[in-house]
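Some notes on the structure that comes next.
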Amino acid sequence: MTAIGIDKLSFYVPQHYMSLGTLAERQGIDPAKFSRGIGQNKIALPAHDEDVVTMAAEAARAIVTAEDAEKIDTVLFATETGIDQSKAAGVYVHKLLDLPSNVRVVELKHACYSGTAGLQLAAGHVARKPDRKVLVIASDVSRYDVDSPAEATQGCGAVAMLVSANPRVMELDTATGCHSEDIMDFWRPNYRKTPLVDGKYSTVKYLHSLANAWQDYVAQGGRAFNEMAQFCYHIPFTRMGSKAHAHLSKLNEAQNDVNLIESGMVYNREVGNCYAASLYLSLISMLENTDIDLTNRPVGMFSYGSGAVAEFFSAVVQPGYRDHLMIAHHRKLLEDRVALNYDEYLAFRHAPDPTDGSEAVMAQVARGRYRLARIHEHKRHYEAV
Ligand code: HMG
């Protein structure tokens with residue numbers, strides 16, 4: 001059977017962040033609540049001329065060569081921060097990347113799970129057409145109400161993955177385990193800019209879904225827990241990933257070994273929740289920060305989207321994978337950032353979004369190549385600088 005999986009992958013995060021120390025000071029609480037209790041250091045924040053489209057295009061341009069562009073016949077854009085109720089955000093990215101017109105572009109949604117839906121659908125498509133490639137992009141902005149308990153778990157970012165036959169980074173196993181259940185732990189009605197969230201309940205349902213998805217993975221012929229060289233979890237905040245791994249270890253009567261998850265949390269701790277992209281940011285973090293040689297070793301992955309859809313799956317790291325990682329590029333993105341004070345953070349939250357068709361011109365702040373230049377007559381205008 002042809003090997004199918006992730007051939008290349010990259011993430012993008014904007015240049016600005018707020019330290020959780022700043023938020024702790026504003027809320028008058030011990031900063032250790034965020035650094036240790038939640039396990040986060042920073043919240044990545046988009047400027048007014050950045051959104052899911054510009055972040056996605058930046059993540060994708062790092063991996064898509066002219067040769068790839070000729071082979072890509074499908075773009076799957078996973079997001080829960082939609083910019084339009086009808087038009088797929090991926091169509092803007094398709095134009096910014098100058099992809100050929102004979103490409104299928106669609107937007108996928110189910111909370112933080114949709115990136116995994118994209119990955120699995122892409123694998124199915126490549127199985128049918130092994131000479132084609134699929135560009136899967138997960139891009140999101142996590143934003144909660146000011147002064148709510150969830151505010152510390154905000155963030156943003158995008159991950160782009162090229163799915164192909166004979167992949168150079170990871171081959172996806174065919175066994176996967178799913179769990180879907182109609183619950184209200186986190187949701188965002190069309191009329192709201194921020195989600196409604198039952199925070200404590202969401203953490204309970206996350207763990208419940210993990211147990212069920214794992215059991216299904218095992219029933220579908222998945223690998224044994226002890227076979228995995230590393231685990232990556234959906235990370236709304238890194239403490240949740242730690243709790244998830246402790247839960248799964250207990251279910252498998254195994255020791256809770258934090259060495260199996262720590263590398264996969266390094267980047268997430270500095271970025272925050274980027275919803276659909278979070279699991280894949282954890283994957284990149286793991287591949288780029290572990291000292292273990294992962295060649296031919298399987299990695300366990302857990303995807304959770306509130307509402308809820310969850311999936312446990314695995315993938316085998318390919319020989320020579322390190323040659324296809326973008327470690328220097330990613331570390332520089334995280335290092336070259338600017339801290340915002342609390343008032344600047346509030347100003348960043350209020351991006352112009354005219355509902356009457358009037359014009360809003362965005363100041364040039366984005367550090368990347370792509371930016372949202374203006375909104376006019378209800379249309380978003382992106383440009384490459
Ligand atoms: P909270 O009110 O800050 O919770 O909300 P807390 O008061 O229980 O504190 C959190 C932890 O900090 C506790 O540890 C405290 O003991 C500890 P735990 O009991 O968990 O072990 N703590 C301290 N530690 C050290 N020093 C201190 C200190 N003080 C307290 N001084 C909550 C936390 C997660 C509920 C909130 O942030 C929230 O609602 N977040 C958003 C929802 C969320 O992220 N849920 C996660 C699961 S659902 C999911 O992942 C899906 C999602 O990504 C959306 C999607 O699918 O699209 C969210």
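The values are calculated or read from the model by the stated rules, or taken from the named source; none is laboratory data. All values derive from a computational prediction rather than experimental measurement. We place every Cβ from the backbone using ideal geometry, glycine too, and count neighbours over all the protein chains shown.
Listed by first and then second residue, the pairs linking a residue in the range 102-115 that is without any contact (Cβ under 8 Å) to a residue 60 or more places away in the chain to a residue that is part of a loop (DSSP other than H, G, I, E, B) and acidic (Asp, Glu), with Cβ atoms under 7 Å apart and 6 or more places separating them unless they lie on different chains, are Lys109/Glu80.
Return the total of residues in the range 6-63 being basic (Lys, Arg) and under 21 Å from the mean Cα position of the chain (by Cα).
3
Exactly one residue out of Val64, Val52 is crowded, with 17+ Cβ neighbours inside 10 Å and either at pLDDT below 95 or touching a strand residue (DSSP E or B) at 6+ places or on another chain (Cβ under 6 Å) (or both): that is Val52. Among the candidates Arg128, Arg132, the residue that is over 22 Å from Val53 (Cβ atoms), more than 16 Å from the ligand (Cβ to nearest atom) and surrounded by 15 or more Cβ atoms within 10 Å (Cβ to Cβ) is uniquely Arg132.
Taking the stated definitions as given, is Val105 out of contact with any Ser or Thr (no Cβ under 9 Å at 6 or more places or on another chain) and β-branched (Val, Ile, Thr)? When the stated conditions are applied, Val105 does not pass them.
Met184 meets each of the listed conditions (1) under 25 Å from Asp257 (Cα atoms); (2) touching a strand residue (DSSP E or B) at 6+ places or on another chain (Cβ under 9 Å) apart from (1). Considering Ala158, Ala152, the condition of being farther than 21 Å from Ser314 by Cα, among the aliphatic types (A, V, I, L, M), touching a residue at least 60 places away in the same chain (Cβ under 8 Å) and within 10 Å of the ligand (Cβ to nearest atom) is satisfied by Ala152 alone. Taking residues in the range 224-239 that are in contact (Cβ under 8 Å) with a residue 24 or more places away in the chain, and partners anywhere that are assigned to a strand (DSSP E or B) and within 11 Å of the ligand (Cβ to nearest atom), the pairs with Cβ atoms closer than 7 Å and at least 6 places apart or on different chains are Tyr233/Phe302; His234/Cys112; His234/Phe302; His234/Ser303; His234/Tyr304.
Is it true that Ser180 is at pLDDT 95 or above, within 19 Å of the chain's Cα centre (by Cα) and either more than 30 Å from Ile63 (Cβ to Cβ) or near the ligand (Cβ under 9 Å from one of its atoms) (or both)? So Ser180 fails the test.
Take Val197 and tell me if it is surrounded by fewer than 22 Cβ atoms within 10 Å (Cβ to Cβ) and closer than 30 Å to Ser19 by Cβ. The answer is yes for Val197. Looking at (1) more than 30 Å from Tyr217 (Cα to Cα); (2) out of contact with any helix residue (DSSP H, G or I) (no Cβ under 9 Å at 6 or more places or on another chain); (3) aliphatic (A, V, I, L, M), which one does Val316 not meet, given that it meets all the others? With respect to (1) more than 30 Å from Tyr217 (Cα to Cα); (2) out of contact with any helix residue (DSSP H, G or I) (no Cβ under 9 Å at 6 or more places or on another chain); (3) aliphatic (A, V, I, L, M), Val316 is out only on (1). Screening Tyr206, Tyr217, Tyr201 for residues that are in contact with a Ser or Thr (Cβ under 9 Å, 6 or more places away or on another chain) and within 11 Å of the ligand (Cβ to nearest atom) leaves exactly one candidate, Tyr206.
Residues that are over 22 Å from the mean Cα position of the chain (by Cα) and among the hydroxyl-bearing types (Ser, Thr, Tyr) occur in the range 292-306; there is at least one.
One line per residue, one yes/no per condition, for (1) within 30 Å of His16 (Cβ to Cβ); (2) within 16 Å of the ligand (Cβ to nearest atom):
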{"residue": "Ile235", "(1), (2)": "yes, yes"}
{"residue": "Ser242", "(1), (2)": "yes, yes"}
{"residue": "Val266", "(1), (2)": "yes, no"}
{"residue": "Glu270", "(1), (2)": "yes, no"}
{"residue": "Ile284", "(1), (2)": "yes, no"}
{"residue": "Asn289", "(1), (2)": "yes, no"}
{"residue": "Gly305", "(1), (2)": "yes, yes"}
{"residue": "Arg322", "(1), (2)": "no, no"}
{"residue": "Arg331", "(1), (2)": "yes, no"}
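So, in the range 271-301, of the ones that are touching a Leu at 6+ places or on another chain (Cβ under 8 Å) and part of a helix (DSSP H, G or I), which residue ends up surrounded by the most Cβ atoms within 10 Å (Cβ to Cβ)? Top of the filtered list is Tyr280.
Against the definition (in contact with a His (Cβ under 6 Å, 6 or more places away or on another chain) and either on the phi > 0 side of the Ramachandran plot or not in a helix (DSSP H, G or I) (or both)), how does Val75 come out, yes or no?
Here the answer is yes, as Val75 does meet what is asked.
What residue, among those in the range 24-53 that are aliphatic (A, V, I, L, M) and over 25 Å from Val159 (Cβ atoms), is farthest from the ligand (Cβ to nearest atom)? Checked the range 24-53; the qualifying residue farthest from the ligand (Cβ to nearest atom) is Ala24.
Let's see how each residue does on (1) touching a residue at least 60 places away in the same chain (Cβ under 8 Å); (2) more than 20 Å from the chain's Cα centre (by Cα):
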| site | (1), (2) |
| --- | --- |
| Arg331 | no, no |
| Arg337 | yes, no |
| Asn341 | yes, yes |
| His350 | no, yes |
| Thr355 | no, yes |
| Gln364 | yes, yes |
| Arg374 | no, yes |
| Glu377 | no, yes |
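Beta carbons closer than 6 Å, at least 6 apart along the sequence or on distinct chains, pair a first residue in the range 193-209 that is basic (Lys, Arg) with a second that is within 9 Å of the ligand (Cβ to nearest atom) for Lys205/Asp185; Lys205/Ala308. Among the residues making up the range 302-330, those that are loosely packed, with under 14 Cβ neighbours inside 10 Å, in a helix (DSSP H, G or I) and of a type outside the set (Val, Ile, Thr) are Asp323, Ala328, His329.
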